[in-house]
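Asker: Please read through the structure below; I'll follow up with questions.
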Amino acid sequence: MEIDQHPYADILRKELMPNIWCSGCRIGRIKNVFIEAIQQLGYEADKCSVVSGIGCSSRVAGYLNLDTIHATHGRAIPTALGVKLAKPELHVSVMGGDGDILGIGGNHFLALGRHGLDVNVFCMNNFGYSMTGFQHGPTTPLGARTITTSGGSPYIPINPVAVALAAGYTFVARSTSGHPYHLIDCMVSAMKNRGPSFIEILVPCILYERRNKIKSLEALYLEKAEIKETLSKEDVDQSDFMKKISLGIFRDAPVRERPQLSLVKSTKKLADKKFDVKFRSRASGIKHMQIRMEGTGGQGIVQGGKVLILAAMNMDPKLNSTLTKRYGPEMKGGSCLTDVLLSSQQIDYPFIETPDLLIMMSDLVAKERGGEVVIKNKGTVVVDESMVDPRLLETLPKTVKVFKIPATQIAREEFRVVVANNVLMGYVCKTTSIIDKNCLKAAIVKSAPPGTEEMNLSAFETGYKFRKS
Ligand code: SF4
């Protein structure tokens, strides 16, 4: 029989060959095993997606002529989750190494077991970070020499199969690069399993072999490994290539049914109610307007900035605008500010030195500045007086207009405290008239979480109608 091309040629990016792997590396073989498994299953190439992170093993994704993503280090699993959520009909696999999947991406590896989504994780375990010269990683054997453990690794390695079983993966297996037919069977079964699947694939790395004076790891795999039909708890721990390795499928379980959360249902029901605020766009006359909203993380400061910018764009689509935000590492409870710049001209620099309008939801930012309230001499400050120490405003020049409303107190008493930003926004709208009321309301509807539009609009109206007694 004559064939005019290699049977795997359609699923390979031939233009990228030859590959970058060292001569004697077995990652290329795992790539071929994966192609063989896809072909045995009869999956169409455009229904298969492969995501990888960083490292020698992660280069597999680049050589496959499928829809592939070469993600950042350790982030292959969350990227694959995103692909699966967006396109549930795709067969999504993660291919990478122990450092990427179990080290840097270790928490994502745990999380996938809990998520229960149908994503396959094929982890090539070569006992360290090989691409960067071989640093030790989570699976480096005790006593093994790497460039970061030159005297021998002092750490107990994790057992990937045991961790996958504990994390809730519905399919868990172990194989090696020296057992390609066994690995094909494992991959086929893993891809048939409708939950998260994990295969630990032992592969040799010549850097590890050289440093640890091992002639051939693969020869050791062939010598020490035994493929078993049924596996016991003891077999989970049999993964030492110097002693005994148990290969096979440790778990192939159906996916558990999940209860439908009542919270999700009720939110969806509320979200079905459509809110539509009509507005009319017009020339705003704004030449250059700098607005700052400042307060405490968790008060909706960034959200408020987004509402302002969206409303401004609704009002005058010809305006140029930028939004920058800043908050401390603690985020919730720390200082937070959002700067919105509106201009009829091109904006070259998005940061604000001194705002024309300052919306203060708390005094934390001002206190961090030593009590200074930063505003232009002829600017306007709108203050949530439930949250701002009035003494801070006493030093402002008389030319600054100050408007006060107990926005948080109103929100707490009449709605929920989380809509205090929109109580304040309603008052800003009334006192400054910078942005059209309906444009602001339309922006609030667009940015409010589904089901909360009505409450947010009522909070805005309450702020708009507020009068000081
Ligand atoms: S460094 Fe090791 S894992 Fe990387 S290509 Fe070479 S042999 Fe393979």
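Asker: Shape call for the chain from the C-alpha gyration tensor, a ≥ b ≥ c root eigenvalues: rounded (a/c under 1.5), prolate (a/b greater than b/c) or oblate? Display every interim value, and only then the final one.
Answerer: Details: a/c = 2.64, a/b = 2.37, b/c = 1.11.
Here the chain falls in the prolate category.
Asker: Here's something else I'd like to know. Considering only Cα-Cα distances, which of the following residue pairs are longer than 32 Å: Lys192/Lys446; Lys441/Lys468; Lys376/Lys465? If you can, show how the numbers build up before the last one.
Answerer: Values: Lys192/Lys446 41 Å; Lys441/Lys468 23 Å; Lys376/Lys465 27 Å.
Too far apart for the 32 Å limit: Lys192/Lys446.
Asker: Over the chain, what relative contact order in percent results from Cα pairs under 8 Å that are six or more residues apart? Could you put the intermediate results ahead of the total?
Answerer: Numbers: 981 pairs, mean separation 44.3, N = 469.
The normalised contact order for the chain reaches 9 percent.
Asker: Can you give the calculated 222 nm mean residue ellipticity of the chain, where each DSSP H run of n ≥ 4 adds -39,500 (n - 2.57) and the sum is split over every residue, rounded to the nearest 500 deg cm²/dmol? Kindly include the intermediate steps, with their values, before the conclusion.
Answerer: Values: 16 runs with 155 residues, N = 469.
For the chain, the value works out to -9500 deg cm²/dmol.
Asker: Moving on. If the limit is 28 Å between Cα atoms, which of Lys274/Lys401; Lys306/Lys367; Lys84/Lys325; Lys84/Lys243; Lys287/Lys367 go over it? List each step's numbers first, then the result.
Answerer: Details: Lys274/Lys401 38 Å; Lys306/Lys367 24 Å; Lys84/Lys325 31 Å; Lys84/Lys243 39 Å; Lys287/Lys367 31 Å.
The pairs that break the limit, which is 28 Å between Cα atoms, are Lys274/Lys401; Lys84/Lys325; Lys84/Lys243; Lys287/Lys367.
Asker: If you count, for each residue, the other Cβ atoms within 10 Å and average over each peptide, how do 300-313, 429-442 line up from highest to lowest?
Answerer: Values: 300-313: 22.9, 429-442: 20.2.
Packing order, densest peptide first, comes out as 300-313, 429-442.
Asker: By how many nm would the segment from Ala219 to His73 lengthen if fully extended, with 0.36 nm per residue of separation less the alpha-carbon distance?
Answerer: Numbers: separation 146, 0.36 × 146 = 52.56 nm, distance 3.04 nm.
Fully extending the segment from Ala219 to His73 adds 49.5 nm.
Asker: Indicate the gyration tensor shape class of segment 295-401 (rounded, prolate or oblate), computed on the Cα atoms with a ≥ b ≥ c the square roots of the eigenvalues: a/c under 1.5 is rounded; otherwise a/b larger than b/c is prolate and the rest oblate.
Answerer: Details: a/c = 1.93, a/b = 1.33, b/c = 1.45.
Since a/c reaches 1.5 but b/c is at least a/b, the shape of segment 295-401 is classed as oblate.
Asker: For segment 393-469 and segment 53-67, what is the separation of their C-alpha centers, rounded to whole Å?
Answerer: One Cα centre to the other: 51 Å.
Asker: Over what distance in Å are the Cα centres of segment 9-46 and segment 203-233 separated?
Answerer: 22 Å
Asker: Asp67's amide H: which non-local residues (gap 5+, or another chain) put their own amide H closer than 5 Å, with H modeled 1.01 Å from N in plane and none for Pro or chain starts?
Answerer: Cys48, Val50
Asker: Let me ask another. Taking the 0 to 90 degree range and rounding to the nearest ten, how far is the long axis of helix 106-115 tilted relative to the main principal axis of the chain, both from C-alpha atoms?
Answerer: Helix 106-115 and the main axis of the chain meet at about 80 degrees.
Asker: Could you give the size of the charge dipole of the chain about its Cα centre, using +1 on the Cβ of each K and R and -1 on the Cβ of each D and E, expressed in debye and rounded to the nearest 20? Please report the intermediate quantities before stating the final value.
Answerer: On the way: 59 positive and 47 negative charges, 315 e Å.
Approximately 1520 debye in magnitude.
Asker: Any idea what the relative contact order of segment 9-252 is, in percent, if you count C-alpha pairs under 8 Å spaced at least 6 apart? Before the final figure, lay out each step's value.
Answerer: Working: 538 pairs, mean separation 41.1, N = 244.
Reported relative contact order: 17 percent.
Asker: In sequence order, what are the phi-derived ³J(HN,Hα) couplings for segment 158-168 according to the Karplus relation 6.51 cos²θ - 1.76 cosθ + 1.60 with θ = phi - 60°, rounded to whole Hz, with x for glycine and proline?
Answerer: 7, 9, x, 5, 4, 5, 5, 4, 5, 6, x
Asker: For segment 329-469, what relative contact order do you get, as a whole percent, if you take Cα pairs closer than 8 Å and at least 6 residues apart? Walk me through the numbers on the way to the answer.
Answerer: Numbers: 187 pairs, mean separation 25.0, N = 141.
Dividing the mean separation by the residue count of segment 329-469 yields 18 percent.
Asker: Could you calculate the FRET efficiency of Asp10 with Phe275 from 1/(1 + (r/R0)^6), where r is the beta carbon distance between them and R0 is 41 Å, rounded to 0.05? It would help to have the intermediate numbers written out before the result.
Answerer: Details: r = 50 Å, r/R0 = 1.22.
After rounding, the FRET efficiency stands at 0.25.
Asker: Turning to a different aspect of this structure: Sort the following peptides by mean Cβ neighbour count (other Cβ atoms within 10 Å, averaged over residues), highest first: 186-192, 38-44, 337-343.
Answerer: Values: 186-192: 20.9, 38-44: 13.4, 337-343: 22.7.
Descending mean neighbour count gives 337-343, 186-192, 38-44.
A short reminder: the numbers here are calculations on the coordinates, not readings from a lab. Being a predicted model, the structure only gives us computed values, none of them experimental. Virtual Cβ from ideal backbone geometry, glycine too; neighbours counted across all protein chains shown.
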